[in-house]
Amino acid sequence: MMIKNGFSRYLVLAAAAAVFTGCGSLDGPLARTAEDAGQATASSTSPSAERSPSARPVPPGSQGASGAPSLPPAAPAGIPGAYHRWGLDRPLDKPPPAPAAKPLLAPVEPSGEGLPPVIRRVRTNDRVVFLTIDDGIEKDPRFVEQARDLGLPFTGFLTDNVIGDHYDYFDELQRLGNSMGNHTLTHPSLAGRDYDSQRQEICGQQENLRNHLGRQPRLFRPPYGAYDDTTLRAAADCGAQTVVLWRAEMEPGGLAYRSGGSLQPGDIVLAHFRGPEQLEGKSMTDMITELVRSIQEQGFTVARLEDYV
Ligand SMILES: [Zn+2]
């Protein structure tokens, strides 16, 4: 396998991918990534790098590169009392108002000139975490009801080849006030690929999302969290402003953390559009209920990522 750029970084990220099986329900690249990671000895991100300030991207409601608006106007509000229906003991706390000025980003490492920052968390002391939901394999109509009932904000990261002709489902979720970000056309492990193939994966999906959902995504997530400098360059050239990884992941057994044993303010949490086949028999709404309960038990609520990033 040829790795032309960012080999050491690829190993670090592949190691992370091995720990976090995020996006692992698709065949192929994960196996190779995990295998490579077994030989990696590099450590994870240095905390000091996360404190480096970074220039801020465009504010909410501003225009994407295509001129299409980048963010739905209002976060979902929820329906009073509906939490009972989903097996919760109480509603999600209303998050604090969106910050008037977005906080400085907390990049995992300094990005090169003109390259988008890569983040795993948001710099905030608010007791909020940010939910991201990936891929798009499951299109459970009950999840639309659940998200509406709970007023659950999230960011989708969508992959074209598992969505096919079903962008309408994600449009419905978008109309609740959620944004949909870019997660490539076919979900390959991008690190080590040449620029043209990476650009095709990212720009192709950017165009799909613009055509189907009417918005230019600002946020990009590389499959398996695996990227190199070529990925960042291609993402920038396709109009992505921030690359979003995660610090906690919802697995069938509960939340798993990249470090420590609990959620921290500003954590970005990864979940997936998955159903009983991928969730050991649980439905997507079961999984979301468990996740929300765990977030509540730890004293957090869920805010909308695009209000902070
Ligand atoms: Zn994925």
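In table form, for the structure just shown:
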read-out	value
Residue list for the range 271-285, restricted to those being within 20 Å of the chain's Cα centre (by Cα), under 25 Å from ALA82 (Cβ atoms) and of a type outside the set (Gly, Ala, Ser)	HIS272, PHE273, ARG274, LEU279, MET284, THR285
Members of the range 134-151 found to be under 12 Å from MET284 (Cβ atoms) and either more than 15 Å from the ligand (Cβ to nearest atom) or in a helix (DSSP H, G or I) (or both), listed by number	LYS139, ASP140, PRO141, ARG142, PHE143, VAL144, GLU145, GLN146, ALA147
Check on LEU176, under 24 Å from MET250 (Cβ atoms), buried (at least 18 other Cβ atoms within 10 Å of the Cβ) and among the aliphatic types (A, V, I, L, M)	yes
Condition met for SER294 (of a type in the set (Gly, Ala, Ser), surrounded by fewer than 21 Cβ atoms within 10 Å (Cβ to Cβ), touching a strand residue (DSSP E or B) at 6+ places or on another chain (Cβ under 9 Å) and not in a strand (DSSP E or B))	yes
Identity of the residue in the range 199-209, charged (D, E, K, R) and crowded, with 18+ Cβ neighbours inside 10 Å, that ends up nearest to the ligand (Cβ to nearest atom)	GLU201
Qualifying residue in the range 167-176 (condition: part of a loop (DSSP other than H, G, I, E, B), touching a helix residue (DSSP H, G or I) at 6+ places or on another chain (Cβ under 9 Å) and in contact (Cβ under 8 Å) with a residue 24 or more places away in the chain)	yes
Close pairs (6 angstrom Cβ cut-off, 6 or more residues apart or separate chains): farther than 16 Å from PRO107 by Cα in the range 203-232, of a type in the set (Asp, Glu) and more than 15 Å from the ligand (Cβ to nearest atom) anywhere	LEU213/ASP171
Some residue of the range 229-246 being under 30 Å from ALA82 (Cα atoms) and part of a loop (DSSP other than H, G, I, E, B)	yes
Flag for ARG221 being within 16 Å of the ligand (Cβ to nearest atom) and of a type in the set (Lys, Arg)	yes
Residue in the range 154-165 that is aromatic (Phe, Trp, Tyr) and more than 16 Å from the ligand (Cβ to nearest atom) present	no
Lone qualifier among LEU185, LEU213, LEU150, LEU219 - being of a type in the set (A, V, I, L, M) and buried (at least 24 other Cβ atoms within 10 Å of the Cβ)	LEU219
Residues that are exposed (fewer than 15 other Cβ atoms within 10 Å of the Cβ) and within 12 Å of the ligand (Cβ to nearest atom), drawn from the range 262-280	none
Single residue of ASP196, ASP171, ASP237, ASP229 found to be away from the ligand (no atom under 16 Å from the Cβ), surrounded by fewer than 19 Cβ atoms within 10 Å (Cβ to Cβ) and either among the aliphatic types (A, V, I, L, M) or under 29 Å from PRO141 (Cα atoms) (or both)	ASP171
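Read-outs throughout are calculated quantities, based only on the coordinates presented, and are distinct from any laboratory measurement. Not measured: the values here are computed from a predicted model. Ideal geometry is used to build each Cβ from the backbone, glycine not excepted, and the neighbour counts take in all protein chains shown.
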